[in-house]
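> Please see the structure below; I have some questions.
The values are calculated or read from the model by the stated rules, or taken from the named source; none is laboratory data. All of these numbers come straight from a predicted model, not from anything done at the bench. Neighbour counts run over all protein chains shown; Cβ positions are idealised from the backbone, glycine included. Side chains are part of the model used for accessible areas, which takes the heavy atoms of the whole protein and leaves out ligands, DNA and RNA. Shrake-Rupley method; radii C 1.70, N 1.55, O 1.52, S 1.80 Å.
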Amino acid sequence: MDTWILRKTGFDPQDAPTDGNRFLCANGYMGVRGVPEEAGSALFPAVNLAGIYDQYQDRWREPVNAPNALFIQLSFNGQRMALGKREPLSHETEIDYRHGIYRRETEFGPVSVRSERIASMAECHLLADRYQIRFTQDGEMALQTGISTDIWDINGPHLFDFQFEAGEALLVQAITGQKKITVAAAQSAVCDFDGTESFAQDDSGLFRTLRRYVKKGDTLTVSVFGAIYTSLDDPEPGRTAQMLCMEAKKKGFDTCLRAHKDAWEQIWERCEMRLEGDEAAARAMHASQYHLNSIAPRHAGNLSIPARGLSGQTYKGAIFWDSEIFFFPMFVYTQPEIARSLLRYRIETLPGALKKAREYGFRGAYYAWESQEGGEEGCTNFNVVDVFTHRPVRTYFRDKQIHISGDIAYALRSYYEITGDRRLLEEGGARVILECARFYLSRANGHLDTEEADFADVIGPDEYHERVTNNAFTNHMIRHCLESALRLKQIFADQPEWFEDLLKELHYEKDWPLIQALCGHIRAPKTRDGVIEQFDGYFDLEDCSLDAVRARLRDPREYWGGDHGVAGTTQIIKQADVIAMMALFPGDFTDQQTAVNWHYYEPRTEHGSSLSACMYAVTACRIGRPELAWELFMKTADIDVTGGGKLWAGEIYIGGTHPASNGGAWMIAALGFAGLQMKNGRPELHPNLPKELQRLSFPITVNDETYLIEVTHSGGTIRRMKC
Ligand code: BGC
């Protein structure tokens, strides 16, 4: 098996939604769904843009898809050679994980086509496609290349006032409905043949057609270059896009491809996780790292990554805690500048978090549960649609999932501890931590009699139990956030004046002692035989099996949470909660405690979120049971190879790629199998390699030093690498 390649034989339009994810090409600026060049909206094509959102009427706000600048459609003797319209004799799709190349090969009978496509990693605005045609009959061919506006939108349309310009570089420009951002797509093409050229423009886009008579045995090639710019990138996005296309055309496809491949090689050099002993696992790891790397905002420095990456508009293209808890670890240990970008996004969206806290009557920073640009909250009050009544269900994720602020503070502190770089804290990170701590101070419920504080009416990671009190994960994260705020004083001990000025500027004088007091008085969770109660009253819920709860469903798409969900009155949970806490705070729990809780909660966990399995796998390794981690690891790492994961939450489509699992796969291998932990500013290992693997190796960068980690069944080594 080539562990860098995923290949699929055959074409079934039913698979188009998932195949578009599995064969995605992306470069952080945009994601191009893995659909054939000729795809119209029925096959879910999208060039999904990072960080640009729009709302159409009263529908959900979501990211904007650009026009498809790599559209190619071939006709032969008046017949369209198009998948979905014509049954092919054979069809293969491939994604090359090493170099981010989508390939397809289709035999239609009279013609066969072969192509390769990239979203350039060297120039983030550039797309390129080389399309080769072989004829097995004489006849009349018409090759259409152009910019298609027949694209997939979930809650669109988002683009209006289209302008079209034909010429050597085609141009389609439009503006978004809400913020009037210009989105420009340009395309140029170079053919190794000539013909009669014509241009056409209609509702579905702008196209150039070349017609000619071909003979059996002829092979023709067209290279197409697409460019996308918006008015946020450039004052003249249309002209700049046209120029980029023309430049690329001059360089040629091979030169663009070489630059793109070199850029990917540099990424792999910094982060490749090698697994030896199991090829399927090695490929799944390559797939995971490919997908996560391909959506990293390398071009920006202040963007984060949506929960479904750049695979489409699912989950409103929003930024969740997934960024800090699941994507962040691989980046902070391998490409800290990307981790910094994720956190800069939070620093810059602090005003949104301050506003949200105020709206709910609190002080400090309450970050959006589903954050869009400027920290705007994308989460609605009715985030699920009931499959029976077709009515929106009132959900409380937006109001009550308060651990989000602590998760951000957690990542900021980890960034400092792993990179040793204090600048991010100086440049707004410290302020974020202090404002998050202040939010919790104002959100706490103090009990004068017991001198304890609790956090009532919250939702922990397990979203099936809404509005609970003293969720163990949330309380632990809050305590850590408060401690992190207090620790800043030590971190800035050599700049006491700077820190005092910051406290003054934030009017923190009264808050500081209160935070100190609150820190030691947060109610400790109840335990029973060593099991930490997930929240007050959890043990009193019906204790039944996962199968029993599943059997109560009347529709496979039914939502398990909310008011009438089948899980709400039981101990069945959606995803790791107490175990997520143990995974994130290894030093705070003994192996014995972790083991007892693991065995209690795992059978009660649906793993209904792709964020769950990795937390159980990491902790299974910690308790010396890597065999329990293996299946969870494969499930996590393979998700975007197989196209797994849930597709529906009630009537809401939630398919797409799964960056949290992609990052989770790295976490299992690095933090679980290798047992990587930081102790006093230095990396150390506690290996627990499963029997399926013989060796594991990967680079990390800590405190500006790069190390190679190697783990075998006889132990682990950390070797410093020369730069
Ligand atoms: C999970 C959340 C997660 C979100 C986005 C939900 O299904 O329960 O924890 O943040 O998906 O991935």
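> Say whether the condition of being out of contact with any Asp or Glu (no Cβ under 8 Å at 6 or more places or on another chain), open to solvent by 10 Å² or more (accessible area, probe 1.4 Å) and farther than 20 Å from Ala248 by Cβ is met by at least one residue in the range 168-176.
No, the conditions are met nowhere in the range 168-176.
> Scan (1) modelled with pLDDT under 95; (2) surrounded by fewer than 22 Cβ atoms within 10 Å (Cβ to Cβ); (3) over 26 Å from Glu427 (Cβ atoms) for the single condition Glu376 breaks and write down its number.
Condition (3) is where Glu376 drops out.
> Any idea how many residues of the range 193-204 are exposed (fewer than 15 other Cβ atoms within 10 Å of the Cβ) and within 39 Å of the chain's Cα centre (by Cα)?
Residues flagged as exposed (fewer than 15 other Cβ atoms within 10 Å of the Cβ) and within 39 Å of the chain's Cα centre (by Cα) within the range 193-204 amount to 4.
> Given the range 316-419, what helices (runs of 4 or more DSSP H) lie entirely inside it while holding 2 or more residues that are within 14 Å of the ligand (Cβ to nearest atom) and closer than 17 Å to Ile459 by Cα?
Once the helices (runs of 4 or more DSSP H) in the range 316-419 are filtered for at least 2 residues that are within 14 Å of the ligand (Cβ to nearest atom) and closer than 17 Å to Ile459 by Cα, what remains is 397-400, 403-419.
> Of the residues Arg363, Arg344, only one is modelled with pLDDT of 95 or more, more than 23 Å from Leu303 (Cβ to Cβ), touching a Leu at 6+ places or on another chain (Cβ under 9 Å) and open to solvent by 40 Å² or more (accessible area, probe 1.4 Å); which?
It is Arg363.
> Could you say whether any residue in the range 8-17 is in a strand (DSSP E or B), in contact with an Asp or Glu (Cβ under 6 Å, 6 or more places away or on another chain) and open to solvent by 30 Å² or more (accessible area, probe 1.4 Å)?
yes
> Which residue, of Gly312, Gly301, is within 27 Å of Pro157 (Cβ to Cβ), assigned to a loop (DSSP other than H, G, I, E, B) and more than 10 Å from the ligand (Cβ to nearest atom)?
Of the residues listed, the single one that is within 27 Å of Pro157 (Cβ to Cβ), assigned to a loop (DSSP other than H, G, I, E, B) and more than 10 Å from the ligand (Cβ to nearest atom) is Gly312.
> Here's a follow-up. Picking from Ala287, Ala280, which residue would you name as being open to solvent by 10 Å² or more (accessible area, probe 1.4 Å), in contact (Cβ under 8 Å) with a residue 40 or more places away in the chain and either of a type in the set (A, V, I, L, M, F, W, C) or part of a helix (DSSP H, G or I) (or both)?
Every option except Ala280 fails the conditions.
> Still on this structure, please answer the following. Of the residues that make up the range 93-103, is at least one over 21 Å from Gly40 (Cβ atoms), part of a loop (DSSP other than H, G, I, E, B), within 22 Å of the chain's Cα centre (by Cα) and among the aliphatic types (A, V, I, L, M)?
No.
> Would you check if there is a residue in the range 385-395 being under 23 Å from the mean Cα position of the chain (by Cα), at negative phi and surrounded by fewer than 17 Cβ atoms within 10 Å (Cβ to Cβ)?
Among the residues of the range 385-395, not one is under 23 Å from the mean Cα position of the chain (by Cα), at negative phi and surrounded by fewer than 17 Cβ atoms within 10 Å (Cβ to Cβ), which makes the answer no.
> Moving to a separate point now. Could you list, in sequence order, the residues of the range 461-497 that are touching a residue at least 40 places away in the same chain (Cβ under 8 Å) and over 30 Å from Met615 (Cα atoms)?
Within the range 461-497, just Phe492 meets the criteria.
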